[in-house]
1. Taking θ as phi - 60°, what are the ³J(HN,Hα) couplings along the range 19-26 by the Karplus curve (6.51, -1.76, 1.60), each to the nearest whole Hz, with x for Gly and Pro?
2. Pairs of alpha-carbon atoms within less than 8 angstrom and 6+ residues apart define the contacts here; what relative contact order does the chain have, in percent?
3. Can you list residues from other chains, or at least 5 along the same chain, whose modelled amide H is less than 5 Å from the amide H of V122?
4. In whole Hz, with x marking every Gly and Pro, tabulate ³J(HN,Hα) for the range 226-243 from phi via Karplus 6.51 cos²θ - 1.76 cosθ + 1.60, θ = phi - 60°.
5. Once you wrap a convex hull around the alpha carbon atoms of the range 164-318, what is its projected area averaged over all directions, in nm²?
6. Please report, in debye to the nearest 20, how large the charge dipole of the range 245-318 is about its Cα centre when each Lys and Arg carries +1 at its beta carbon and each Asp and Glu carries -1 there.
7. Heavy-atom accessible area of K170 with all protein chains present, probe 1.4 Å, nearest 10 Å²?
8. Leaving out same-chain residues fewer than 8 places away, which lysines sit with a Cα under 18 Å from that of K311?
Amino acid sequence: MKVTEHIEKAQGKSLFSFEILPPMKGQNIQSIFDSIDPLMEFNPPFIDVTYHREEIEFKELPNGLLEKKVVKKRPGTVGICAAIQNKYEVDAIPHILCGGFTKEDTENFLIDIDFLGIQNVVALRGDAIKSEIYFKPEKEGHHYATELVSQISNLNNGIYLDSDLQNTSKTDFCIGVAGYPEKHMEAPSMDSDIYFLKQKIKNGANYIITQMFFDNQKYFDYVAKVRAAGITVPIIPGLKPIATKKQLNLIPHRFKVDMPDDLIMSVVKAKDNDAVRQIGIEWCIAQSKELVKAGIPVLHYYSMGKAENIKAIAQEVF
């Protein structure tokens with residue numbers, strides 16, 4: 001079932017969903033099941049699976065020269081999605097990126113997941129690899145998520161890269177895209193960010209899922225601005241409980257999001273990470289309850305493979 005259909009079927013009830021990371025190469029899928037099992041009692045209608053692009057590493061050779069290696073540390077998104085749908089009978093939603101994909105790679109990825117009966121996909125530009133300051137697309141790839149959304153929409157209309165194909169089958173993907181309550185870090189302004197978001201919707205995106213935020217007012221203000229721009233699709237809030245003191249600096253640096261002073265000072269004064277974890281859970285519970293009260297259709301949690309924190313929140317909210 002499509003995300004939009006799940007929302008419609010819920011008839012105003014707030015749904016619970018979450019996102020997982022593929023395991024590091026060399027680990028088996030049991031680690032994924034172990035992070036999902038504790039959360040199934042809250043009846044998630046869908047589970048997102050991130051895609052992690054290649055990384056560049058340099059290995060020193062015996063002669064002192066450096067050898068460049070391209071490494072994928074977290075492969076397996078498509079296989080994990082298939083396993084989730086088979087084991088749990090819930091919809092799995094793979095993320096697909098511009099970065100690391102040519103247009104042909106993208107088409108083949110979409111064909112594979114269509115064959116598996118996967119009906120949803122989240123289309124993202126993706127980040128620059130660590131050795132680059134700015135995002136650089138593949139030679140035959142997409143520069144922007146708007147272009148990626150267009151390619152997925154084309155497949156939904158039976159339009160493939162090879163125009164000579166005859167009697168092509170149409171896919172039927174529900175397309176999710178990212179939204180940024182505090183604007184994308186590379187956007188010059190919120191208005192310009194929403195302008196390009198509107199282009200993604202125009203090109204065929206069906207719903208928006210936001211980057212994490214710690215102040216619900218930022219989400220509510222964002223929704224108001226997006227609606228004022230004429231965008232009517234569901235806007236799903238992304239939530240993450242802070243769990244360690246290190247994240248107090250890491251999250252703002254990595255994701256360019258602000259934290260409320262009350263949360264910051266509580267974490268600063270916490271005696272250890274166990275105390276921080278509890279602060280993060282309680283803060284996220286309060287956020288979640290306010291969002292449910294506001295009638296938000298889905299609350300989406302970035303679990304990062306840590307089921308315990310998300311379970312503690314869900315027990316109080318769902």
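1. Coupling constants for the range 19-26: 10, 10, 9, x, x, 4, 4, x Hz.
2. After rounding, I find 19 percent.
3. Those lying under 5 Å, H to H, from V122 are H95, I96, G176.
4. 5, 5, 5, 7, x, 8, 10, 5, x, 10, 8, x, x, 10, 8, x, 5, 10
5. For the range 164-318, averaging the hull's shadow over all directions gives 11.9 nm².
6. Approximately 240 debye in magnitude.
7. Per-residue accessible area (K170): approximately 140 Å².
8. Partners within reach: K240, K289.
The values are calculated or read from the model by the stated rules, or taken from the named source; none is laboratory data. Since the structure is predicted, the reported quantities are computational estimates derived from the model, not experimental observations. Because the Cβ atoms are built from the backbone with ideal geometry, glycine has one as well, and the counts that use them run over all protein chains shown. Ligands, DNA and RNA are stripped out before the accessible areas are found, and what is left, the full protein with its side chains, is counted by its heavy atoms. Shrake-Rupley method; radii C 1.70, N 1.55, O 1.52, S 1.80 Å.
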